[in-house]
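> First the structure, which I've put down as structure tokens, then a few questions once you've had a look.
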Amino acid sequence: MGCVTSKNADSKASRAARWRSTGIVGLRDSKLKAISLSISVSQRLYICTFPAEVLDMDRSIRTIDLTNNKIVEIPMDISKLVNLQKLILAHNLIDRLPINLAKLESLKVMAFDGNRVTTLPDELGQLVRLEQLSISGNSLESLPATIGSLRNLKLLNVSKNKLKSLPESIGSCFSLEELQADDNSIDELPESVCNLIHVKSFCLDNNNVKKIPTNLLKDCKALQNISLHGNPISMDQFQQMEGFQEFEARRKKKFDKQIDSNVMISSKGLDEGIDL
């Protein structure tokens with residue numbers, strides 16, 4: 001028994017040393033889960049098995065990937081990882097994000113796809129270095145207005161949630177290049193999206209979009225792709241919008257460049273830009 005214990009201790013020490021030297025904690029598909037303890041007949045306590053040794057490494061860790069486990073919650077002590085840049089917790093059982101996430105001021109990438117998150121904390125807006133936020137396949141009904149403080153955000157993926165609208169403040173995400181919001185219940189885009197001068201792609205398949213801001217094509221001069229399959233909106237509305245011809249020219253240039261570069265065609269074919 002002593003040999004087994006020693007071997008396990010050595011294994012953990014070796015793993016911790018590797019994490020500390022590389023700055024990367026990679027535990028995808030590692031069967032991390034919550035331990036359920038009975039408090040009373042009607043109550044149970046869930047203890048998250050987020051690796052405790054990770055939280056003791058403070059400034060060493062830059063990347064955490066715990067995809068596809070059974071983690072129930074993110075510990076408040078995660079705020080100790082002040083140099084963390086990437087936090088990947090996709091496909092777990094997380095239903096809320098702690099406000100202490102806002103203290104991770106170095107974060108550039110966060111992914112919580114395929115969890116059970118219902119709301120995002122207002123403190124999210126404090127992550128001013130964030131460049132990618134992916135939280136598809138959850139149960140979000142709204143986004144906090146503070147999302148507009150994410151001035152360095154380039155990718156926002158909120159597909160497969162329960163959103164009925166996008167906040168007006170999203171127009172302050174001036175670096176945004178791609179918005180993925182497929183499979184929600186959004187009925188229109190806020191006028192402020194016309195401020196997104198760097199945006200290249202809007203993906204809004206399977207929503208309830210009936211109209212888009214009249215200046216969208218004119219003001220969003222980098223826009224190359226709009227995907228609106230499964231929405232009650234017609235091609236005629238686009239063709240009559242100011243800036244449509246310029247948009248078409250950008251779309252065609254992108255399409256031709258893909259062909260000239262021999263880009264591999266997916267099962268859906270090349271992206272032709274405007275899909276209704």
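> Within the range 232-251, which residues are closer than 19 Å to Val209 by Cβ and of a type in the set (A, V, I, L, M, F, W, C)?
Ile233, Met235, Phe238, Met241, Phe244, Phe247
> Could I ask something else about it? Could you check Ile186 against (1) within 14 Å of the chain's Cα centre (by Cα); (2) within 21 Å of His229 (Cβ to Cβ); (3) in a loop (DSSP other than H, G, I, E, B) and say which number it fails?
(1)
> Another question about this same structure. Can you work out which of the residues in the range 200-214 that are assigned to a loop (DSSP other than H, G, I, E, B) and within 21 Å of the chain's Cα centre (by Cα) is nearest to Lys254 (Cα to Cα)?
Per the stated criteria, the residue is Lys200.
> Report whether or not Leu66 is touching a helix residue (DSSP H, G or I) at 6+ places or on another chain (Cβ under 8 Å), modelled with pLDDT of 85 or more and of a type in the set (A, V, I, L, M, F, W, C).
no
> Continuing with this model, one more query. From the list Asn83, Asn100, Asn138, pick out the single residue that is part of a loop (DSSP other than H, G, I, E, B) and assigned by TED's automatic domain parsing to the domain that holds Pro51.
Testing whether each residue is part of a loop (DSSP other than H, G, I, E, B) and assigned by TED's automatic domain parsing to the domain that holds Pro51 leaves just Asn83.
> Please list, ordered by first then second residue, the pairs with beta carbon atoms under 8 Å, 6 or more apart or interchain, first in the range 139-157 and on the phi < 0 side of the Ramachandran plot, second loosely packed, with under 15 Cβ neighbours inside 10 Å and β-branched (Val, Ile, Thr).
Pairs that qualify, where the first residue is on the phi < 0 side of the Ramachandran plot and the partner is loosely packed, with under 15 Cβ neighbours inside 10 Å and β-branched (Val, Ile, Thr), are Ser139/Thr118; Leu140/Thr118; Glu141/Thr118; Ser149/Val128; Leu150/Val128; Arg151/Val128; Asn152/Val128.
> If Gly148 meets every condition in (1) in the same structural domain as Lys200 (by TED's automatic domain parsing); (2) in a loop (DSSP other than H, G, I, E, B) apart from one, which number is that one?
Unmet condition: (2).
> State whether the residues of the range 152-172 include one that is farther than 26 Å from Arg96 by Cα and charged (D, E, K, R).
Within the range 152-172 (the criterion being farther than 26 Å from Arg96 by Cα and charged (D, E, K, R)), the answer is no, since none of the residues qualifies.
> Considering each of Asp236, Asp219, Asp205 in turn, give the residue that is in the same structural domain as Gly148 (by TED's automatic domain parsing), among the charged types (D, E, K, R) and within 20 Å of Leu143 (Cβ to Cβ).
Within the list Asp236, Asp219, Asp205, the selection yields Asp205.
> How many residues, within the range 1-23, are at pLDDT below 80 and of a type in the set (Phe, Trp, Tyr)?
Residues in the range 1-23 being at pLDDT below 80 and of a type in the set (Phe, Trp, Tyr): 0 in total.
> Pairs under 7 Å by beta carbon, first residue surrounded by 15 or more Cβ atoms within 10 Å (Cβ to Cβ) and modelled with pLDDT under 95 in the range 204-230, partner in a strand (DSSP E or B) and among the small types (Gly, Ala, Ser), six or more apart or different chains?
Gln224/Ser201; Asn225/Ser201
> Next question, about the same structure. Taking the residues in the range 144-163 that are touching a Pro at 6+ places or on another chain (Cβ under 8 Å) and either among the hydrophobic types (A, V, I, L, M, F, W, C) or more than 18 Å from Ile186 (Cβ to Cβ) (or both) as candidates, determine which candidate is surrounded by the fewest Cβ atoms within 10 Å (Cβ to Cβ).
Checked the range 144-163; the qualifying residue surrounded by the fewest Cβ atoms within 10 Å (Cβ to Cβ) is Ala145.
> Given the criterion surrounded by fewer than 17 Cβ atoms within 10 Å (Cβ to Cβ), assigned to a loop (DSSP other than H, G, I, E, B) and out of contact with any helix residue (DSSP H, G or I) (no Cβ under 6 Å at 6 or more places or on another chain), identify the matching residue among Ile233, Ile197.
Ile197
The values are calculated or read from the model by the stated rules, or taken from the named source; none is laboratory data. Since we're looking at a predicted model, the values are computed, not measured. Because the Cβ atoms are built from the backbone with ideal geometry, glycine has one as well, and the counts that use them run over all protein chains shown.
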